[in-house]
Each structure stands twice: as C-alpha cells, then as structure tokens.
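Colleague: Below: one structure in structure tokens.
The values are calculated or read from the model by the stated rules, or taken from the named source; none is laboratory data. As the structure is a computational prediction, the values presented were derived from the model and not from experiment. Cβ: placed from backbone, ideal geometry, glycine included. Neighbour counts: every protein chain shown. Please note that ligands, DNA and RNA were not included when accessible areas were found on the heavy atoms of the full protein model with its side chains. Shrake-Rupley method; radii C 1.70, N 1.55, O 1.52, S 1.80 Å.
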Amino acid sequence: MKKKLIIQRLKNLFHKIDIHPVTLIYFVLAWIGGYLKWYLSTLLIVCLHEICHLLMAYYFDFEIDKVEILPFGAYLSLNDFYFHPIREEICVVLAGPCSHLLIYGLILALSSGVYQEYLLTMNIMVFVFNLVPIYPMDGGRIIGLILQSVMDLKKALYLTLKISVFVFCILFCFSTLGSTSGMRRGSGTEAGRR
C-alpha cells in the first residue's frame, strides 16, 4: 500500500514538468543544424540539476507548482519557498549544485573523447553559472537565505536584490570592457596588416 502511494506521488510529481513551447523550436533548429545531440546533452545537465532541486523539495514537502524546461535552462517554481525552515530551504537550493558531482561521475563513466570534454565543460559552466550571486540563481538564493537567518524576510529579500543588481553591474562592466578591448586588439591587428 505504502509503495503504491509513493509511486503515485512520484507520478504526480513528474506531471508537473512542463516544456516551454519555444524549447521545441530550439529542438527543431538544433536537429536541422546537426547539433541536436550537443543541445540535448547540455539541456539534460540542466534538467538533472533542476530535478535534484525538485526531489529535495519533494522530500521536505514543499508545495511544488511546476518545473519548466526553457530553451537554455529550467526553473523550479515552489509556492511556499521562504515559508519553510531555513535549513530545509538551504538543502533544496544546494541540491542543484551538489548534483554536478553526480553528473561529473556519470560523464566520466558514460562518455569519452571530444564529447566527454564538451560535457565536462558544460557541467562546470552550469555549476558556476548557478552559483553566481544573482537572484533567482542558486547563489542569489543562498545569499538570501543566509541574510534571512539574521534579519526579517522582507529586508533579506531587499538586500539580496540590491546585491544581485550590484553583481550584475560588475559582470556587465567586465564583459563590456573585455569585448571592447578585444575589438581594439582586433582592429589594431587589421591596421598592422595593411
């Protein structure tokens, strides 16, 4: 009886996974361009990350709204995040980044060559990207939860958003400086060839 109940709850859980319509367009474009294997592999890494969040949220009885698979990522929507004990919420948030250790092992065991290098690179990129302290990324949520342990929810969220905007501005400035210096170097090379 208990086993049937668990199986039924897991079926209901996976019925909450939605694929955004634009994602299907990307599937078709990747297939036409001959990159479907690479696209689906990267998307699978992101989905495994998000499924780990989902399973941890399920374990702690969070009210799960849905998991939406987007063209370049996925998003778990919880109706009652910030209303559970901070310890449980941190576990839900950390489940995603911790999943990359499992994914790393699977990549080493199941692939080889250039494909393995690509998967390992994508795994590291998804891991690092999710730890950037910009809300709603995992890094931003972790900062919010740490702040919530020392101040009320409203102030913690407000400060988290301020930190997110600050980090975003710094990253934007570095990326802008990097691209303009690259353009200057490129135009200097062209001028030297003439």
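Colleague: Setting aside same-chain residues fewer than 8 positions from LYS4, which lysines have a Cα under 27 Å from its Cα?
Modeller: Answer for LYS4, where 27 Å is the Cα cut-off: LYS16, LYS66, listed by chain and number.
Colleague: Let me ask something additional. Give me the extension gain from TYR104 to LEU10: residue separation times 0.36 nm, minus the current Cα-Cα distance, reported in nm with one decimal.
Modeller: 31.3 nm
Colleague: Based on Cα positions only, what radius of gyration and what Dmax would you give for the chain, in angstroms?
Modeller: Computed over the Cα atoms of the chain, radius of gyration and Dmax are 20.3, 80 Å.
Colleague: Continuing with this model, one more query. To the nearest 0.05, what FRET efficiency results for PHE72 and LEU120 with a Förster distance of 25 Å applied to their C-beta separation?
Modeller: 0.85
Colleague: Please state the relative contact order of the chain as a whole percent: Cα pairs under 8 Å, 6+ residues apart?
Modeller: 15 percent
Colleague: Compute, for LYS11, the solvent-accessible surface of its heavy atoms (probe 1.4 Å) with the complete set of protein chains present, and express it in square angstrom to the nearest 10.
Modeller: Here the accessible area works out near 120 Å².
Colleague: For ILE69, what is the net charge nearby, where nearby means another residue's Cβ is under 13 Å from its Cβ and Lys, Arg count +1, Asp, Glu -1?
Modeller: -1
Colleague: Continuing with this model, one more query. I want to verify a result. In a Gaussian network model of the chain, Cα cutoff 10 Å, which of these has the top mean-square fluctuation: ILE25, ILE143, ILE124?
Modeller: ILE25
Colleague: Sort 163-170, 96-103 by packing, meaning the average of other beta carbons within 10 Å per residue, with the highest value first.
Modeller: Most protected by this proxy first, the peptides run 96-103, 163-170.
Colleague: Counting only the heavy atoms of the protein chains, how much of ASP80 is accessible to a 1.4 Å probe, in Å² to the nearest 10?
Modeller: 30 Å²
Colleague: Could you tell me which helices of the chain pass both thresholds, a Cα extent of 27 Å or more along their own axis and a mean Kyte-Doolittle hydropathy of at least 0.0, with helices taken as whole DSSP H runs?
Modeller: Within the chain the helices that satisfy the rule are 36-59, 86-110, 113-131, 153-193.
Colleague: Could you give the nm distance between label points at PHE83 and LEU24, where each point is 7 Å from its Cα heading toward the beta carbon?
Modeller: 3.3 nm
Colleague: Per residue, how much accessible area does the chain show when a 1.4 Å probe rolls over the protein heavy atoms, in square angstrom?
Modeller: Using a 1.4 Å probe on heavy atoms only, each residue of the chain averages 65 Å².
Colleague: Further, regarding this structure: Taking the chain as a Gaussian network, where each spring joins two C-alpha atoms under 10 Å apart, which residue of PHE83, PHE129, PHE172 fluctuates the most?
Modeller: PHE172
Colleague: Probe radius 1.4 Å, ligands and nucleic acids ignored: give me the carbon and sulfur share of the accessible area of the chain as a rounded percent.
Modeller: 71 percent
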